[in-house]
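Here the structure is laid out as structure tokens; the discussion comes afterwards.
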Amino acid sequence: MYIPAHFEETRVDVLHALIRQHPLGMLVVSGAQGLDANHVPFEIDPDPAPYGTLRCHVARANPVWQSLSTAASTMVVFRGAEAYVSPSWYASKQQNGKVVPTWNYVAVHAYGSPRAISDVAWLRRLVESLTDRHEGQRVDRWRVGDAPGEYIDKLLTAIVGIEMPISRLIGKWKLSQNRPPVDRTGVVTGLRREADGSGVDLARTMEKLR
């Protein structure tokens, strides 16, 4: 990923926070059949330092897990807030007209050498962890133990876990840092005026940079 210095984010805690907030990652594996991309929810563990470990599971029928041991390379892509940026929001437009549209976004790329895991106890812990986190504070919170034991046991044999210690972790926060402060303020105002969910999220992310 091309990352100009003014867009680079290197703080591991910030990168991990984005993964937790946007856990649906794109698992990209370069194998014998070429590139294979799968969209999978991940758990991020901060250990071991410095970058931590990613964990997920896929259907046993999905051949991606079988290609991991021989894959030339593997990466997981996470995307955060993103939105179109209109040049009409820039104060600079009124000054010289030298402005063009762009797209602001936040992204994290994680690299490593993953392994497939079929251990049922490991898989159950992962499924319980994913479920507990995403059920969160729901009033009618669902737990894995709410389903019949034999039903869960059968389903666990139909999935395969993937664990990837992260060897490289990079982040790109493209949030108009290359524009004057007055233009960045205009972008935040424009995004909020649009009242679009993604735009509002991006405006909040931009405001945290101030």
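A short reminder: the numbers here are calculations on the coordinates, not readings from a lab. Everything numeric in this text was worked out from a predicted model, so none of it was measured. Every residue, glycine as well, gets a Cβ built from its backbone with ideal geometry; the counts of neighbours run over all protein chains shown.
Observations on the structure shown:
Results for (1) assigned to a helix (DSSP H, G or I); (2) over 17 Å from residue 27 (Cα atoms); (3) not small (Gly, Ala, Ser), shown as yes or no for each residue.
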position: 104; (1), (2), (3): no, yes, yes
position: 121; (1), (2), (3): yes, yes, no
position: 124; (1), (2), (3): yes, yes, yes
position: 131; (1), (2), (3): yes, yes, yes
position: 134; (1), (2), (3): yes, yes, yes
position: 138; (1), (2), (3): no, yes, yes
position: 142; (1), (2), (3): no, yes, yes
position: 155; (1), (2), (3): yes, yes, yes
position: 160; (1), (2), (3): no, no, yes
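- Candidates 53, 70, 102, filtered to the one that is within 30 Å of residue 131 (Cβ to Cβ), in contact with a strand residue (DSSP E or B) (Cβ under 9 Å, 6 or more places away or on another chain) and among the hydroxyl-bearing types (Ser, Thr, Tyr): 53
- Which listed residue, of 3, 44, 19, is in a strand (DSSP E or B), closer than 24 Å to residue 209 by Cβ and β-branched (Val, Ile, Thr): 44
- Subset of region 28-41 (residues that are part of a strand (DSSP E or B), more than 22 Å from residue 132 (Cβ to Cβ) and either hydrophobic (A, V, I, L, M, F, W, C) or under 10 Å from the mean Cα position of the chain (by Cα) (or both)): 28, 29, 35, 37
- Checking each residue in region 50-61 for being outside any strand (DSSP E or B) and either basic (Lys, Arg) or within 18 Å of residue 23 (Cβ to Cβ) (or both) picks out 51, 52, 60.
- Restricting region 190-210 to residues that are surrounded by 15 or more Cβ atoms within 10 Å (Cβ to Cβ) and of a type in the set (Asp, Glu), the residue that is nearest to residue 65 (Cα to Cα): 201
- Looking across region 165-189, the residues that are in a helix (DSSP H, G or I), surrounded by fewer than 18 Cβ atoms within 10 Å (Cβ to Cβ) and not hydroxyl-bearing (Ser, Thr, Tyr) come down to 181, 182.
- For region 112-127, filtered to residues that are within 20 Å of the chain's Cα centre (by Cα) and surrounded by fewer than 17 Cβ atoms within 10 Å (Cβ to Cβ), the residue that is farthest from residue 176 (Cα to Cα) is 115.
- Residue list for region 30-59, restricted to those being more than 15 Å from residue 161 (Cα to Cα) and surrounded by 16 or more Cβ atoms within 10 Å (Cβ to Cβ): 31, 36, 51, 52
- Any chance residue 99 is among the aliphatic types (A, V, I, L, M), in a loop (DSSP other than H, G, I, E, B) and surrounded by 13 or more Cβ atoms within 10 Å (Cβ to Cβ): yes
- Taking the criterion of being of a type outside the set (A, V, I, L, M), more than 20 Å from residue 8 (Cβ to Cβ) and under 24 Å from the mean Cα position of the chain (by Cα), the residues of region 175-200 that qualify are 192, 196, 197, 198, 199.
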